[in-house]
Amino acid sequence: MSIEPITAFFGLWDMIKGMEDGKKAAQKLVIEGLGHKRVLSGEISVCGAKNSALKAFAATLLFKEKVRIENVPHIEDIFQMEHILKDIGVLINQEKDAYVLDTTSQISSELPRALSKRLRASIVLTGPLLGRNGSVTFHHPGGCLIGARPIDVFLEGFRALGANVSMKGEAYVLTVPTGGLPGGEFFFHTQSVTGTETLMMAAVLGRGKSVLKNAALEPEIVVLADFLNACGARIRGAGTPTIEVEGVPGLHARGNLFETPPDRIEAGSFLILAALTASDIMIRDCEPRHLESLIYLLKIMGVSLEVGGDFIRVRGGDGRYKAHDIKTHEYPGFPTDLQAPMAVFLTQCEGEAFIFETIFEGRFRYVDDLLRMGAHLRSLDQHRIMIKGPTTLSGKELESPDLRAGLAYIIAALVAEGVSVIHNVYNIDRGYEHIEERLSAVGARIKRVPE
Ligand code: EPZ
C-alpha cells in the first residue's frame, strides 16, 4: 500500500489537532541554515527522560502519601500529565525540576476524557489506578498520530490478570473482584513499553502473583521497578522478557525519591544533530550505555565520537559520512523515536540506504517535507523508505507533524541553506525543554516567535 492515503489521513487529522493545539502553540521557530558547515560548538546538557518521568508520575497513585520525583523535564507532556492527575485529586507541588505529588486523599477512578485524549501516556494511569481503587474508567488515549496505536494488549492483559473489562458508552470500565487483582500470566503478542509498565504497576497492589511474558526491555522500565521495589513492591525480572510481580498490601516511600534518568532519545537526537552541524560538541549528563545501537551505527558511518561514562563528545570534522541501512527495533535495538532524525542524517550521507520502521505504521509523515527541502527519498510502503545522499537541503516553511519528526525538522533546517520556519512548535515542546535556548547556546541561529 502506498503511503499517500495514510499520510493524507494523518495530515488532515493533524491539521484539526493543530488547530486545537494552535490555541496553545501559537509560536514558530525561525532557523538559519548552516549550509553544510559544521560550526556549532560547546556543551549541551541532557534533561530527564520524558518517557520515564511520565510513568513515575503515574506510579505515585500506588502510594497514599507524598512522593518526590527529581530531574523532571519542563515539557508539555509533563504539564498535560500534571493536569490529568490534578483533575483526579492529586496535589502537586513543583520545586524547579523536582515535583512532589501528594496522593494521600481520595483519588477519582474516572480519567478525564478530553485531557487523556491529548496524551497517549495517560493510559499508563489505568494500571496503578486499578491497583489503588479496584476500578478505573477511561477512554481510548490520544497522542502522537504515528500509527493506529490500539490498546488491545492492555485490555487482554488486564483480563489475564483477573480484571473485568466492560464498556460504558465509549468508555472502558475496569473492575477487580473483592480483595484486589487476583493476578495471572500474560504473554504480550507484541512487545509494548507502556503496556509492560501499566500491567506491572496494576499487579503491584494485587492479591496474587502475576507473570508478564515477552515484556518490553526499555531501561526506563528497570528504573521504575527499582524505585517501586525500594518502596516495598516485589517485582522481579524488569529489563528481561519475563517480569514477575508478587502483590503487596501497600507501598511506602520511606524517604526514597524517584530520580528521572537522562533522556536517551533527547541525547540521541543531539548526537545526530551534532554529527551534521558541529565542529566540537560535548553532550553531557547522558547515559551512553542506553544508546549503544545509535553509537555503533554512527561510528561505522564515519562519525568521530568520544564516549565517556556520562558524556559523548562529537567532533564534526569535514569527512563524508557513509550511508547505512537502518531498521528500528524494540530496545536495545535502534529506537523508533530516533528514526526521523536519522532519516535527515541519511540525506547527508554518501550512498543509498533503507529505513525499515518495524514498530509503527505511520512514522514517515515527514517524508513530503524533506522532499520539498530537496532530499532524495522514495516511499516503498508504510514501513520502508529509501534515502539517497548526499543532497543539499534548502530552507522551507515546515509543520512539525509529531514530537520526534519535529526535532528532525530542526536538524534539517540547521543543515539546510537558507532560512526555515517550523510551525506547531507545541509538538516539539512536548518532548524537548527550551529547545531553541539550548541550541542557541552552541551557536545555532534559532529563535521562537509568535505565529
Ligand atoms: C512508547 O510508546 C513510547 N511512549 C513511544 O515514544 C515509543 O515510540 C514506543 O514506546 C516504542 O518504543 C511512551 O513511553 C509514553 P508500544 P507505546 O506500546 O508504549 C503496538 C515518543 O515520541 N501496540 O511499545 O505506546 C503499537 O501499535 C513516543 O516519546 C499494539 O498493537 O508504544 C506499536 O506498533 C512516541 N497494541 C507497537 O505495539 C497495544 O495495545 C509498540 O508500541 C499497544 C501497542
Inset, instruction - Name the single residue, out of those in region 310-334 being closer than 20 Å to residue 284 by Cα and crowded, with 20+ Cβ neighbours inside 10 Å, that is nearest to the ligand (Cβ to nearest atom). - result: 312
Legend entry - Residue match in region 414-435 (condition: β-branched (Val, Ile, Thr) and under 23 Å from residue 322 (Cα atoms)): yes
Inset, instruction - Among what's in region 361-372 and is of a type in the set (Asp, Glu) and part of a helix (DSSP H, G or I), pick the residue that is surrounded by the most Cβ atoms within 10 Å (Cβ to Cβ). - result: 369
Inset, instruction - Just need a number here: residues in region 67-95 that are assigned to a loop (DSSP other than H, G, I, E, B), more than 22 Å from the chain's Cα centre (by Cα) and either under 19 Å from residue 266 (Cα atoms) or free of Cβ contacts under 8 Å to residues at least 24 places away in the same chain (or both). - result: 1
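Read-outs: derived from the displayed coordinates by stated rules, not from any lab. Model, not experiment: these values are computed from the prediction. Counting neighbours? That spans all protein chains shown, and the Cβs are built from the backbone with ideal geometry, glycine included.
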